[in-house]
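The values are calculated or read from the model by the stated rules, or taken from the named source; none is laboratory data. In this text, all values refer to a predicted model and were calculated from it rather than measured experimentally. Please note: Cβ atoms are built from the backbone with ideal geometry, for glycine as well, and neighbour counts cover all protein chains shown. For the accessible areas, the whole protein counts, side chains as well, though only heavy atoms, and no ligand, DNA or RNA atoms are used. Shrake-Rupley method; radii C 1.70, N 1.55, O 1.52, S 1.80 Å.
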Amino acid sequence: MAGLSKQLESNPLSVSKDGYTPIEQIRKNKAIVKTLLALRHRIFYNDILPKLQEYNIHLRFCKEFTSLQLKTVEQYFEENIFPILTPLAFDPGHPFPYISNLSLSLAVKLRDIKTGELKFARVKVPTNLPRIVPASEIFSMSEITSNFSEHTFIWTEDIISTFCFKLFPNLAIEAVHLFRITRDTDLDIGEDEAHDLLETISESLWKQRYGKVVKLDIASGMPDDIKKILITNFNISNDQVYIIDGILGLSALMELYNFIDIPELKNKPFLPKRTYFPSKTNLLSRIDRHDKLLFHPYDSFDVVIDLLEEATNDPDVIAIKQTLYRVGSKSPIVDALADAARQGKQVAAVIELKARFDEENNIVWAKKLEHEGVHVIYGILGLKVHSKMLLIVKKDGTQIKRYVHLGTGNYNLASSKMYTDYSFFTSDKAITQDVSEIFNYLTGYSRQTSFRSLLVSPLNMREGLLSKINREVELGSKGKIIFKMNSLVDEKIIQALYRASQEGVKIDLIIRGVCTLIPQIEKMSENIRVVSVIGRFLEHSRIFYFFNDGKEELYLGSADLMERNLDRRVEVLFPILNHVLREEIKSHLNIILKDVTNTWELSSNGKYREQGKLECVINQQDQLLDPTFLSVICHPHPLFQGTMHNKVVVTLMNVLVELGGAVLRFNFRGVTESEGVYSDGIGELNDLKFAVAHIQTKYNYMPNLSLVLAGFSFGAHIALKFGATFPSATLLLGLGLPLRLFTPNYLHSIKQPTLIMFGDNDEFNPMGRINQLIQQKCHNHTFQIISNSDHFFTGSQHIIKACVKEWLKDDPAFFENLAMGQNPSCLYIGCSDSRVTAEELLGASPGEIFVHRNIANQVISNDNNLNAVVQYAVEYLRVQHIIVCGHYECGGVSAALNPSDMGQLNSWLQPLRDVYRIHRVELDVISDPSRLFDRLVELNVLEQCLNIIKIDHVQRSWYRANIPQIHGWVFDVRTGRLIDLGLDMKKEFESIRRIYDLHLL
């Protein structure tokens, strides 16, 4: 309204995009405000107040008290309120008093008893007093009993109004009425002319106190003469006056929350968890291993503070850079930055002084940080820095490493407990380099306009999003878009979404606030659904998902799709490249879209309606806070994220979440730490044990919490080793290849605790060993056991038929497609050892891997069999990846370490001994025989990768299409970890290029 008033003064004939002049917009807005005020009045007095009274909670007025009770209230007034009050007169000798924004005041009409002259005074209701006073506090001073309930409260302004005559002795009180004003709080900052932005904003904040009055709220019944005095002195029109029936400033009711201790009327308390960062140490090393994602407030924001404090105290960290928008009045973030500067680190803080309503806080923090030696930057001329970025630069030996935290919400401990936001931690080179260059853009004179991974406004964000929307348009009905944000008003984005809908793209928009897109209009937006989620926590995260023909993309960030965000703010959207983290976020989106408790859907008439009631009522916020069971999902390797197996796991995960479960995810990318749980990697065996104990402790779960475990092969073995001992496990799933038979419908139909296992009871078969393990460990459970080694294929054929029927319903052409031939993306060169099979190891379906196996996974130049396989895979199958996978406890490597005459095997073992000879300097100093054995296994894999690079077919394909990529892995048969040796293909080729480059361009 303040902006429209300014527009009315400066250009009254201007017309908005929807064809309205400023005065027409003001009148329409006022009509809407009046409707909302009336609705608020009805909700409070007809719904909330009666329900409070059902719990014996009462809000009383002094007129309801007896004369004896009033004497006690009067005594309370004289001792606790009267000394604070300052009556301000208005007459020729007293100018009209200054009245602050949103302060509550009493307009007092007085008459001089001697002269009969009418007078006017204003009494401010002190802001340092509570708005509601417990009756028990008042009557504790007196012997008079109140006969009121324990939870009875009295309005402070009513006490002042009742006894304000004591402020004006010898004057008669004729009328006392409440009023409140709203001032224009926009800062008028001429950045082009400001020589010192901090000083200019400080001056503007002082002027803001005297901003123009744009709204006057008055209590009903205020006489016209008092109303006229206020209108005249506030220099407003009658249109800016709002008559309020009942209490002014109902936000004061929040004080009841602290006064009343009735648990059933409050949200269930919870303690944010630290599952993925269980301790406060070694956070940087954990991030270095793989990306991390936290979802606040369910995950603790303390981790972000701990990360900054660890960087502050790490002698190898040499620089810290951070953006600060809203950090609050008490900030451990600011304290850590100041401490880092005192320790001699290079610290830069980009503090946005123009953050609405946080200007004063930010000025205080800017001065404090400058005093401590921090390089403080106030942003860019004409732009607000709204992105949430933290960059940590660490010296690691002779190298410099960068770590980044990117968020969708502010670095604010208080709001992190009330807002849903994501925190993303990564050491990814492309992302960290982009963030580093954005800081150069903010602090220096960089003119960079493109980045490797990030979308940055006002440089390339709108164009990047439009390009991705248009890419979905090309997919037509196969396209899929999901956006979640606070507001959607950008005209270009909206037009692009309309075009996408018209081409059949399915679009789900989760918009908490303003949305000017109109959904469900035939032939324009019929494929667009818009919902708004209003729950316990404020939905604040911004998510942008694109199907991209199966190559899914998902971005997080701090930007809404508004012109101000895309054109006048520095915003960042960052990609989630890790497929496990991406699936986690997608599961959050899916459950929001199925939430029928907190979700309102926008209709084509511009009005919101509650979601229809379902048999299974889903409340996504409650479910994330208090799941009914914990499920642990073990994914296949990331290279196979699109496979049938992974699709089954994702489907299973979504089913479990819908049923009320919390989900922890693992996959086969190994880590070495043993004290934590990781969203992308299965660690040592006690990782899962820690997760279960940690979540039980943090959530105070009842002992009937169920544990659901899902995994592949050795992953299931590891999970079940601890899952079997979990006292209340009711469903354990070890997922082998045949799990694709088990559809969501079948999982829903399981009535009793069930163990579904696949694999023969063979001592050499890992699934068989799991069966034996369950028989030993699960004696305290009653399970229906389904196992193809026992009665599954004989006594349960009806189950198979039912599952196959459901499966073929989902994919009627499965067998036809299987018969059409293979289309592998990967050539796997592994050991002949049956303990390490490619399909079980990677969770791949038939036809998804081309496999070659021999003793000790060797690549020998005169092995015609292998050369034919490589040529066929590279030139005809066009594989994207070649994996050489060895394993610890390899018999071939062991034989090579123990020289003896082994007949025909001698020639095959000689290349393994050559590996030892090449790396003898490193190997001879290893005194531990088992470590020597393991290291030779690793070096053998790396040497075989080099031999792959030397092959002409591989070089020719690499030069032409930059494929295949070469990977060196080792499988640890002792723990189930799959270790990526981190082969840098380009670097390794350069090291041998002078000799082995065949110049096949």
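Grab the beta carbon distance between residue 487 and residue 448, set R0 = 41 Å, and tell me the FRET efficiency rounded to 0.05. Please report the intermediate quantities before stating the final value.
Values: r = 28 Å, r/R0 = 0.68.
E between residue 487 and residue 448, to the nearest 0.05, is 0.90.
If r is the Cβ-Cβ distance from residue 212 to residue 607 and R0 is 41 Å, what FRET efficiency results, to the nearest 0.05?
Working from the Cβ atoms, E equals 0.80.
Would you please put 476-486, 279-289, 886-896 in order of how densely packed they are, using the mean number of other Cβ atoms within 10 angstrom per residue and starting with the highest? If you can, show how the numbers build up before the last one.
Values: 476-486: 19.6, 279-289: 16.4, 886-896: 21.4.
Going by the mean number of other Cβ atoms within 10 Å, highest first, we get 886-896, 476-486, 279-289.
For region 506-537 and region 1-51, write down the distance between their C-alpha centroids in whole Å.
Rounded to whole Å, the Cα centres lie 23 Å apart.
Calculate, in nm to one decimal, what residue 258 and residue 972 gain on full extension: separation in residues at 0.36 nm each, minus their alpha carbon distance.
On the way: separation 714, 0.36 × 714 = 257.04 nm, distance 5.52 nm.
Contour length minus Cα-Cα distance gives 251.5 nm.
Among 344-352, 928-936, how do they line up by average Cβ neighbours within 10 Å per residue, starting with the highest? Intermediate results must be reported in sequence, preceding the final value.
Details: 344-352: 21.1, 928-936: 14.4.
Going from most to least packed, we get 344-352, 928-936.
Say a paramagnetic label sat at a point 7 Å from the Cα of residue 396, along Cα to Cβ; which residues of region 423-444 have their backbone N under 19 Å from it?
Hits in region 423-444 for residue 396 at 19 Å: 424-437.
In sequence order, what are the phi-derived ³J(HN,Hα) couplings for region 72-83 according to the Karplus relation 6.51 cos²θ - 1.76 cosθ + 1.60 with θ = phi - 60°, rounded to whole Hz, with x for glycine and proline?
5, 5, 4, 4, 4, 4, 5, 8, 10, 10, 3, x
Take the cross-link list 280/321; 166/215; 30/124; 388/484 and give me the ones stretching past 19 Å between alpha-carbons.
Working: 280/321 21 Å; 166/215 31 Å; 30/124 27 Å; 388/484 17 Å.
Beyond 19 Å: 280/321; 166/215; 30/124.
How big is the antiparallel share of DSSP beta bridges in region 315-447, given as a percent to the nearest 5?
Numbers: 18 of 27 bridges.
In region 315-447, approximately 65 percent of DSSP beta bridges are antiparallel ones.
Between residue 992 and residue 907, what is 0.36 nm times their sequence separation minus the Cα-Cα distance? Round to one decimal in nm.
Stretched fully, the residue 992-residue 907 segment lengthens by 28.1 nm.
Can you tell me the order of 525-532, 913-920, 68-75 when each peptide is scored by its average per-residue count of other Cβ atoms within 10 angstrom, highest first? Could the numbers behind the result be given before it?
Numbers: 525-532: 19.9, 913-920: 14.4, 68-75: 16.8.
My ranking of the peptides, most packed first, is 525-532, 68-75, 913-920.
Rounded to the nearest whole Å², what accessible area per residue is found for region 1-123 with the 1.4 Å probe?
61
In Å², what does the accessible area per residue of region 287-415 work out to with a 1.4 Å probe?
Details: 4600 Å² over 129 residues.
Computed with neighbouring chains in place, this is 36 Å² per residue.
How much net charge surrounds residue 252 when only other residues with a Cβ under 13 Å from its Cβ are counted (Lys, Arg +1; Asp, Glu -1)?
So the surrounding residues net to -1.
For residue 538 and residue 228, FRET efficiency with R0 = 51 Å and r from the beta-carbon atoms, rounded to 0.05?
0.80
May I ask you to derive the relative contact order of region 1-113, considering only C-alpha pairs under 8 Å and at least 6 residues apart, and to give it as an integer percent? All intermediate terms of the calculation are to be shown ahead of the outcome.
Numbers: 29 pairs, mean separation 12.2, N = 113.
Relative contact order, region 1-113: 11 percent.
For residue 414 and residue 242, compute 0.36 nm times the residue count separating them, minus their Cα-Cα distance, and round to one decimal in nm. Show your work: numbers first, answer last.
Details: separation 172, 0.36 × 172 = 61.92 nm, distance 3.33 nm.
The residue 414-residue 242 span can extend by a further 58.6 nm.
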